[in-house]
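What follows is a single structure, written as structure tokens, with notes after it.
Only the coordinates and a few stated rules stand behind these numbers; no lab work does. Owing to the predicted nature of the structure, the values given are computational and were not obtained by experimental measurement. Note that we place each Cβ from the backbone using ideal geometry, even for glycine, and neighbour counts take in every protein chain shown.
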Amino acid sequence: MSDTQTPSLKLYFAPRTRSFAALWLLEELGEPYQLESFDFATGRHKQADFLAMHPMGKVPLVLDGGTPVPEIGAMAIYLADRYAAAGLAPAATDGARAEYLRWMFFASAIMEPAFAQQLFKWEVSPSTVAWGSFEQMMDVLADGLAEGPWLLGDTFSAADVAVGNNLVFGQMIGLIPHDGPIGEYLARLKAREAFQRAEVIEMREGERFPVAAE
């Protein structure tokens, strides 16, 4: 790509949000991208052009050429397939594809509500909700890492970004341990160069848009 050519990928990003997952994913992808970073206080995410691309008015949002891709799970699957040279997803004909997709959906459909249940002390019967319970979610994840180092064994994938980002957040709020198989897995994720590059960008953008004083 020439210095004057605009990258086809663009990430709409806000610091201290789940945007970090998309940032990390793009760093793992290794493709050039633009970063449009903003503070929620500006209302950028509620402007008409943004809502036309992401009706929920949330971040992150990736734009691939003229194609908007909202929702972390969708963008992880889309980008890993679209830019297959990065090796972040098994091909549709690969036997590991089913396990890969299972973990991709586990991140949003199981982990996120289980985290919310634990945080907000929801009293629900495990038999009535898809995520079962926080404890069950943690047990299933630990079992899935038994043959590690990654969710697909020796192969790192976009599923590790989706699941790993949740764990990063969970560790920050005290839900995820620093030891044991899950803590060790998270330490391996944090040691990746792409993760560390994303952290530097997150810190830089956080300084550009600091938390407003109360």
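Normalising the average separation of contacting C-alpha pairs (under 8 angstrom, six or more residues apart) by the number of residues puts the relative contact order of the chain at 22 percent.
Need the C-alpha centroid separation for the range 122-180 versus the range 83-118, integer Å. The distance from the Cα centre of the range 122-180 to that of the range 83-118 comes to 12 Å.
Bridging of K121 to aspartates and glutamates at a Cα separation below 20 Å is possible for E112, E135, D139, once same-chain residues fewer than 8 apart are set aside.
For the range 123-213, the list of GluC sites (Glu not before Pro) that fall in a loop by DSSP and count at most 14 other C-beta atoms within 10 angstrom reads E123, E147. Electrostatic bookkeeping for L152 treats Lys and Arg as +1 and Asp and Glu as -1; over the other residues with beta carbon under 9 Å from its beta carbon, the sum is -3.
Among the chymotrypsin sites (Phe, Trp or Tyr not before Pro) found in the range 105-152, those both in a DSSP coil and sparsely packed, with 15 or fewer other Cβ atoms within 10 Å of their Cβ, are W122.
Rounded, prolate or oblate: which fits the range 1-60 when a ≥ b ≥ c are the square roots of the eigenvalues of the alpha-carbon gyration tensor, with rounded for a/c under 1.5 and prolate only if a/b beats b/c? In terms of gyration-tensor shape, prolate. Using Cα positions and a limit of under 23 Å, work out the lysines in reach of K58, with same-chain residues fewer than 8 apart set aside. Qualifying lysines at Cα under 23 Å: K10, K46. Largest mean-square fluctuation among A198, A84, A130, in a Gaussian network model of the chain whose springs join Cα atoms under 10 Å apart, belongs to A130.
Note on the chain: percent of Cα-Cα distances in each 5 Å bin, starting at 0 and stopping at the bin with the largest distance, equals 1, 7, 14, 18, 19, 17, 12, 8, 3, 1, 0, 0.
Using the Cβ-Cβ distance between E147 and E123 with R0 set to 45 Å, the FRET efficiency works out to roughly 0.80.
Apply the a/c threshold of 1.5 to the C-alpha gyration tensor of the range 108-214 and tell me whether it is rounded, prolate or oblate. Verdict is oblate for the range 108-214.
A cut-off under 15 angstrom between Cβ atoms defines the neighbours of I173, and their net charge, with Lys, Arg +1 and Asp, Glu -1, is +2.
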